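Visitor: I have a structure I would like to understand better, so I am pasting it below and will then ask my questions one at a time.
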Amino acid sequence: MDNTRGSLFMILAMAAFAVEDMFIKAASVNMPTGLVLALFGLGGTLLFMLLTKQRGEQIIHPALLSKPILLRAVSEITGRLFYTLAITLTPLSSASAILQATPLVVVMGAALLFGERVGLKRWLAILVGFVGVLMIIRPGLEGFTPASIFAVIGTLGFAGRDLATRAAPPVLSNMQLGVYGFFVLIPTGFALLIYSGEAISFDPGASVQILGSIIFGVIAYNALTIAMRTGDVSVVTPFRYTRLIFALILGIFVFGERPDLMTLMGGLLIVVSGGSTLLRNRRAIRSAALAKKAH
């Protein structure tokens, strides 16, 4: 039952993340992207501060200045900034498909940074996943969109954030991490606004869309936290890939996108390679548990 509940919450989280992306992409049509990012960060910061205070926790904790948290902040900025640029400048479906490579990058990073053992089959799965990414961005080919590189950089940033979160001091709660993660988006958004030279302009419709992105972003974050703390990680994590399905649906019906065969095949390769990696990890954990029980 825990695994079923965790899987359902993971699906809810991915659906909410997809809706969050939809609102941000729509709001950026009528308002500067930097302003959208700053307001999104401000709203998320205030909501997570409220949740943190309700739990009786410190908002500014001494561990805030620890190396993993500072690295997490840099990774959060990189991931959010470039992925936001990707979904505003490229089709939501293709940007989301590239983002599905994040678990593969995390596995590779865990091997290189934490010394975790990664067998040949996992390395092959990672290679297949990156082939899928290349099929989507198509460097050097006619269908190549330079802005799609932003999705790749954003994926690397989110993978770095996940790895830094793993090394974060355990005294910090998910609510506190949420405060810090959203707060860094405020100066990042304004820096992008200054760099782009766009004038600050508010649009009533876009303001409502930003509010929607904040609400669904917090729902997604909380659902993701519940999912990862309820079921077995190896069972729950593969449901992350449902985000691509929701993004495809929203891209087609809201933005009129028509993903071509190469994009769909590339997304499928990423999902299959990532899913096989997670499934192999689940089997390894189960085998280790059985061996320990036997002894």
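The values are calculated or read from the model by the stated rules, or taken from the named source; none is laboratory data. All values reported here derive from a predicted model rather than from experimental measurement. In this analysis, Cβ positions are derived from the backbone assuming ideal geometry, glycine residues included, and neighbour counts consider all displayed protein chains.
Visitor: Listed residues 105, 19, 36, 118; which is without any contact (Cβ under 8 Å) to a residue 60 or more places away in the chain and surrounded by 19 or more Cβ atoms within 10 Å (Cβ to Cβ)?
Guide: When all the criteria are applied, what remains is 105.
Visitor: Further question: Would you mention how many residues in segment 191-217 are surrounded by fewer than 17 Cβ atoms within 10 Å (Cβ to Cβ) and within 30 Å of residue 67 (Cβ to Cβ)?
Guide: 3
Visitor: If you don't mind, there's one more thing I want to ask. Kindly provide the set of residues from segment 1-13 that are part of a helix (DSSP H, G or I) and either touching an Asp or Glu at 6+ places or on another chain (Cβ under 8 Å) or surrounded by fewer than 23 Cβ atoms within 10 Å (Cβ to Cβ) (or both), ordered by number.
Guide: Across segment 1-13, the qualifying residues are 2, 3, 4, 5, 6, 7, 8, 9, 11, 12.
Visitor: Which of the following residues is modelled with pLDDT under 90 and in a helix (DSSP H, G or I): 70, 134, 47?
Guide: 134
Visitor: Go through segment 39-67 and report how many residues are charged (D, E, K, R) and touching a residue at least 24 places away in the same chain (Cβ under 8 Å).
Guide: The qualifying residues number 2.
Visitor: For segment 77-89, how many residues are surrounded by 23 or more Cβ atoms within 10 Å (Cβ to Cβ) and either within 12 Å of the chain's Cα centre (by Cα) or of a type in the set (Ser, Thr, Tyr) (or both)?
Guide: Residues meeting the conditions: 5.
Visitor: Can you tell me which residue among 221, 180 is closer than 17 Å to residue 67 by Cα, surrounded by 15 or more Cβ atoms within 10 Å (Cβ to Cβ) and not charged (D, E, K, R)?
Guide: 180
Visitor: Here are 59, 87, 24, 77: which of them is modelled with pLDDT of 90 or more, touching a helix residue (DSSP H, G or I) at 6+ places or on another chain (Cβ under 6 Å) and not in a helix (DSSP H, G or I)?
Guide: One residue alone meets the criteria, 59.
Visitor: Still on this structure: What residue, of 166, 258, 229, is under 19 Å from residue 89 (Cα atoms), basic (Lys, Arg) and surrounded by fewer than 19 Cβ atoms within 10 Å (Cβ to Cβ)?
Guide: 258
Visitor: Looking at the structure I just gave you, is residue 177 under 19 Å from residue 269 (Cβ atoms) and not basic (Lys, Arg)?
Guide: no
Visitor: Another question, then. Taking into account only those residues within segment 121-131 that are over 25 Å from residue 164 (Cβ atoms) and touching a residue at least 40 places away in the same chain (Cβ under 8 Å), which is surrounded by the fewest Cβ atoms within 10 Å (Cβ to Cβ)?
Guide: The residue in question is 121.
Visitor: Sticking with this one: So how many residues does segment 75-91 have that are more than 14 Å from residue 189 (Cα to Cα), out of contact with any Asp or Glu (no Cβ under 6 Å at 6 or more places or on another chain) and either free of Cβ contacts under 8 Å to residues at least 60 places away in the same chain or of a type in the set (A, V, I, L, M, F, W, C) (or both)?
Guide: Matching residues across segment 75-91 total 2.
Visitor: Quick one: how many residues across segment 164-181 are touching a residue at least 60 places away in the same chain (Cβ under 8 Å) and within 16 Å of residue 224 (Cα to Cα)?
Guide: The number of residues fulfilling the criteria is 8.
Visitor: Is it true that some residue in segment 168-186 is part of a loop (DSSP other than H, G, I, E, B) and within 17 Å of the chain's Cα centre (by Cα)?
Guide: The answer is yes; a qualifying residue exists.
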